[in-house]
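This report concerns only the one structure given below.
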Amino acid sequence: QVNLVESGGRVVQAGDSLTLTCDANGDTLRRYSIGWFRQAPGKDREFVAAISWITTVYEDSVKGRFTLSRDNDKNAVHLQMNNVIPEDTAIYYCAVRWDGAACSMSASDYNAWGRGTQVTVST
């Protein structure tokens, strides 16, 4: 079982940047594909971005603003969020999928989840 821990969430202003990190607490993330999802109050959990061994995919509303990358030296995955908007306010979750070769936008394809980190974007 992989224990995922998200960090980096905080209160920011619209237009600011922040970086979320997903760490596996001693396990290696290199074998897996990693996804980020978010859930805003009163809304369903939605896909944000995912990275496999081969490719990276993004939800349309974050394309050009968010960048997902692996840090293999630190065994972590980073979600760089630039030019954030109030609609980005949510709890952000990272998840791993055992199939490292394929990205998925479906939460049901992921095998382990972190507890989330809160991002709040003020106007």
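The values are calculated or read from the model by the stated rules, or taken from the named source; none is laboratory data. Since the structure is predicted, the reported quantities are computational estimates derived from the model, not experimental observations. Reconstructed Cβ throughout: ideal geometry from the backbone, glycine too, with neighbour counts over all protein chains shown. The protein model used for the area step is the full one, side chains on, heavy atoms only, and it has no ligands, DNA or RNA in it. Shrake-Rupley method; radii C 1.70, N 1.55, O 1.52, S 1.80 Å.
What to note about this one:
- Here VAL11 does not qualify as open to solvent by less than 50 Å² (accessible area, probe 1.4 Å) and either at pLDDT 95 or above or more than 21 Å from THR120 (Cβ to Cβ) (or both).
- Comparison of ASP71, ASP23 shows that the only residue that is free of Cβ contacts under 8 Å to residues at least 60 places away in the same chain, surrounded by fewer than 17 Cβ atoms within 10 Å (Cβ to Cβ) and of a type in the set (D, E, K, R) is ASP71.
- In region 86-95, the count of residues that are acidic (Asp, Glu), more than 17 Å from ARG31 (Cβ to Cβ) and outside any strand (DSSP E or B) is one or more.
- No other residue among ARG97, ARG31, ARG38, ARG65 is open to solvent by 50 Å² or more (accessible area, probe 1.4 Å), touching a residue at least 12 places away in the same chain (Cβ under 8 Å) and not hydroxyl-bearing (Ser, Thr, Tyr) apart from ARG31.
- Criterion: at pLDDT 95 or above, out of contact with any Pro (no Cβ under 6 Å at 6 or more places or on another chain) and among the basic types (Lys, Arg) - qualifying residue of ARG45, ARG31: ARG45
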